[in-house]
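Scroll down for the structure; my scribbles are underneath it.
Rule-based calculations on the coordinates, nothing more; no lab input. As the structure is a computational prediction, the values presented were derived from the model and not from experiment. No Cβ is skipped: glycine too gets one built from the backbone with ideal geometry, and neighbour counts run over all protein chains shown.
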Amino acid sequence: AEELLLQSEKLSVAGQLAAGIAHEIRNPLTAIKGFMQLMQSGHDERKQFYDIVFSELNRIELILSELLMLAKPQENVYKQVDIKNLLHDVSALLETQANLNNIWIRQEYEDCKLLLQCDQNQIKQVFINLLKNAIDAMPAGGNVYLSCKKADGKILVEVKDEGEGIPEELLIKISEPFFTTKEKGTGLGLMITYKIIENHSGSVSVQSKVNEGTIFTVSFPAADGP
Ligand code: ADP
């Protein structure tokens, strides 16, 4: 198993730049979409071309929205929460979709307070991204183990899948903006994930073995100390 500590300093610069560009592109895009919709209303043989253009525009819009999340003026709402509740909510959110794909989310939380000082929405986003990736990695189904414990003043959350794994040479790339191996991926999820974790003074490590699975371990300082 390979372990790699991932730094995200580079990402913040890339992220800010990208977000600035995203903002500039989104306005003309909205106008184009509006006119596309008007043109689409007649029905002739060109309809299929309009449909393709429209779905590609939607894709660009999705990418831009993800980028803009980085740029959001950081009106962070920091609150002290027990991360068990948050993880439980995120898991419930994705469970139905997971089960439809024959995937089962197994939760295991240490029976003590797991307090985190955090922006809840952002931390939810982190675990939504990690769980979605875990689900995507198991096209044939399997288990995702979501666990959390406290050790040495740190809250450790583990997202472990039984999926396709990540080849060693790609581990360094997965957090780069736009790196994706998925047909419909944006390659922005992990970049955003790492950025949020960094903003919470946390860190991430990844262990992976091809055809066996991947473990993302996220560590945060516990709000109530050791
Ligand atoms: P996206 O999901 O849009 O591709 P991400 O930044 O979330 O963007 O992920 C980048 C890439 O990292 C994925 O395309 C995939 O190749 C790899 N990856 C991330 N998580 C996992 C995982 N749990 N198992 C296997 N590969 C993963």
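Could you grab the relative contact order for the stretch 169-226? Cα pairs under 8 Å, six or more apart, rounded to a whole percent. Before the final figure, lay out the partial values.
Numbers: 57 pairs, mean separation 12.6, N = 58.
Across the stretch 169-226, relative contact order equals 22 percent.
Determine the sum of side-chain charges near Gln80: Lys and Arg each +1, Asp and Glu each -1, restricted to other residues whose C-beta is under 15 angstrom from that of Gln80.
So the surrounding residues net to +1.
Counting just the Cα atoms, what span does the stretch 183-226 cover along each of its three principal axes? Round to the nearest Å and put the largest first.
Principal extents (largest minus smallest coordinate, Cα): 42, 24, 10 Å.
Ranked from highest to lowest mean number of other Cβ atoms within 10 Å per residue, what is the order of the peptides 95-103, 125-133?
On the way: 95-103: 14.1, 125-133: 21.2.
Descending mean neighbour count gives 125-133, 95-103.
Given the Cα-Cα distance of Glu108 and Glu176 and 0.36 nm per residue of separation, how much length would full extension add, in nm? Working shown, then result.
On the way: separation 68, 0.36 × 68 = 24.48 nm, distance 3.03 nm.
Answer, rounded to one decimal: 21.4 nm.
Residues with beta-carbon under 12 Å from that of Ile103, excluding Ile103: net charge, scoring Lys, Arg +1 and Asp, Glu -1? Display every interim value, and only then the final one.
On the way: positive: Arg106, Lys132; negative: Glu95, Asp136, Asp161, Glu162.
Around Ile103, the charge tally is -2.
Can you flag which of Lys47/Lys173; Lys79/Lys132; Lys150/Lys209; Lys113/Lys182; Lys150/Lys195 are past 32 Å Cα-Cα?
Exceeds cut-off: Lys47/Lys173; Lys113/Lys182.
So which aspartates and glutamates pass the test for Lys33, namely a Cα distance under 17 Å, with those fewer than 8 places away in the same chain ruled out?
Output for Lys33: Glu24, Asp51, Glu56, Glu61.
Where in the stretch 129-188 are there GluC sites (Glu not before Pro) that are in a DSSP coil and have at most 14 other Cβ atoms within 10 angstrom of their Cβ?
On the way: sites: Glu158, Glu162, Glu164, Glu168, Glu169, Glu183; in loops: Glu162, Glu164, Glu183.
Passing sites in the stretch 129-188 are Glu183.
Stick to the Cα atoms of the chain, pair each with every other, and give me the Kirkwood hydrodynamic radius in Å at one decimal. List each step's numbers first, then the result.
On the way: mean 1/r = 0.0524 Å⁻¹.
About 19.1 Å for the chain.
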